[in-house]
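Here the structure is laid out as structure tokens; the discussion comes afterwards.
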Amino acid sequence: MSEKKKIALAACSGMSPYGLVTRVTSSDTVAETDNTISICMGATSADREGFRNLIKKYPIIALSGCDGNCTSKILEQKGVKPAKNINVMEELNEAGLKPTDVSRLDDNGELCVEHMKNKIKNELKKFE
């Protein structure tokens, strides 16, 4: 049996409820799957050694919290085009979900995370 191809998740680090949902979604997905890793956008933006090569090693799903699409823009500034861009705010709006807290996940925030984890896991299947 062949090993699954690794996919990197690059999550928004913005200070909004959507940024929080994005980070938790990424962290949970990495913990629950065997073929994903997470990319630290702060270290990527700061051009930390090690991350320069890491962002070029695996296909990346960029998870942006809002229409600013900072995650994708930072990656593109580093010469990397994400394999997929997901705008979490748009996805949640379409599902009628809205997170409310910037620093703590309440029940509503957890629903948002579950919705986004399902979305990402479906996207991961496309890389198999």
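None of the figures in this text is laboratory data; all of them are computed from the coordinates on show. Since the structure is predicted, the reported quantities are computational estimates derived from the model, not experimental observations. Counting neighbours? That spans all protein chains shown, and the Cβs are built from the backbone with ideal geometry, glycine included.
Worth pointing out:
- Lysines whose Cα lies under 22 Å from that of LYS121, excluding same-chain neighbours fewer than 8 positions away: LYS4, LYS5, LYS6, LYS56, LYS57, LYS81, LYS84, LYS98
- Within segment 2-77, the ratio Rg/Rh, alpha carbon atoms throughout and Rh by Kirkwood, equals 0.96.
- Selection of trypsin sites (Lys or Arg not before Pro), segment 1-106, meeting DSSP coil and at most 15 other Cβ within 10 Å: LYS4, LYS5, LYS6, ARG48, LYS78, ARG104
- For segment 21-127, alpha-carbon Rg and Dmax in angstrom: 13.8, 40
- Distance from segment 1-44 to segment 53-128 (C-alpha centre basis), Å: 8
- Loop-located GluC sites (Glu not before Pro) across segment 38-119 with a Cβ neighbour count of 14 or fewer within 10 Å are GLU49, with loop assigned by DSSP.
- Electrostatic tally near GLY109: other residues with Cβ closer than 15 Å to its Cβ, Lys and Arg +1, Asp and Glu -1, net -3.
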